[in-house]
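**Q** Before I ask anything, let me first share the structure, which is written out below as structure tokens.
The values are calculated or read from the model by the stated rules, or taken from the named source; none is laboratory data. Keep in mind the model is a prediction, meaning the values are calculated, not measured. When we count neighbours, we look across all protein chains shown, and the Cβ atoms used for this are built from the backbone with ideal geometry, even at glycine. Just the protein is used for accessible areas: all its heavy atoms, side chains included, with ligands, DNA and RNA removed. Shrake-Rupley method; radii C 1.70, N 1.55, O 1.52, S 1.80 Å.
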Amino acid sequence: MQAWRRLASNLRRRAQNPPHKLAWLCIHRFEGSWRDPNPPYFGGLQMDVRFQRTYGAGIFRLKGTADHWTPIEQMWAAERAHRSGRGFYPWPNTARYCGLI
């Protein structure tokens, strides 16, 4: 039982801390509110609908646009884009301000 609790705790901590969390938080500072509903870009990382459908398809189907997602859900979508090879380039200006590119 204790091993399962430890495993659950570790998985919860990992889920709440995407690998580039500090980078996403920096980009967010220069972008919009986590709840920004104004098209064509939504949420705290200002993702367009195509980006959301590509890197957050499941959550997009469940909740709609990124302004309805939690900050962690938005960061994980951005993390999937980063891992796909896009890096921080979908945010060229703000990533530069943050020293990421």
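**Q** Could you give the dipole magnitude of segment 55-99 about its Cα centre, charging the beta-carbon of Lys and Arg +1 and that of Asp and Glu -1, in debye to the nearest 20?
**A** Here segment 55-99 has a charge dipole of around 140 debye.
**Q** Something else: Among TYR89, GLY58, MET1, flag the residue with its Cα farthest along the positive direction of the charge dipole of the chain, charges on Cβ as +1 for Lys/Arg and -1 for Asp/Glu.
**A** MET1
**Q** What are the ³J(HN,Hα) couplings of segment 82-97, residue after residue, when phi is run through the Karplus curve with 6.51, -1.76, 1.60 and θ = phi - 60°? Round to Hz, x for glycine and proline.
**A** Values, residue by residue: 4, 5, 6, x, 7, x, 9, 5, x, 10, x, 6, 5, 5, 5, 4 Hz.
**Q** Considering only protein heavy atoms, what per residue accessible area in square angstrom results for segment 1-85 with a 1.4 angstrom probe?
**A** I get 64 Å² per residue for this part.
**Q** Moving to a separate point now. Stick to the Cα atoms of the chain, pair each with every other, and give me the Kirkwood hydrodynamic radius in Å at one decimal.
**A** Evaluated on the chain, it is 14.0 Å.
**Q** Do the sum for the chain: with -39,500 (n - 2.57) for every DSSP H run of n ≥ 4, divided by all residues, what is the mean residue ellipticity at 222 nm, to the nearest 500 deg cm²/dmol?
**A** Computed mean residue ellipticity for the chain: -15500 deg cm²/dmol.
**Q** I'd like the carbon and sulfur percentage of the solvent accessible area for the chain, probe radius 1.4 Å, heavy atoms only, ligands and nucleic acids excluded.
**A** The value for the chain is 54 percent carbon and sulfur by accessible area.
**Q** Check which residues have an amide H placed less than 5 Å from PHE42's amide H, if you skip close sequence neighbours.
**A** Close amide H contacts, sequence-distant or interchain: MET47, ASP48.
**Q** Still on this structure, please answer the following. How would THR65, THR70 line up by accessible area, probe 1.4 Å, largest first?
**A** From most exposed to least exposed: THR70, THR65.
**Q** Round to the nearest 10 and give me the degree value, 0 to 90, for the angle of helix 21-30's Cα axis relative to the longest principal axis of the chain.
**A** The angle comes out at about 30 degrees.
**Q** Net charge near MET75: determine it from the other residues with C-beta under 14 Å of the C-beta of MET75, scoring Lys and Arg +1 and Asp and Glu -1.
**A** Spelling it out: positives minus negatives among the neighbours equals +2.
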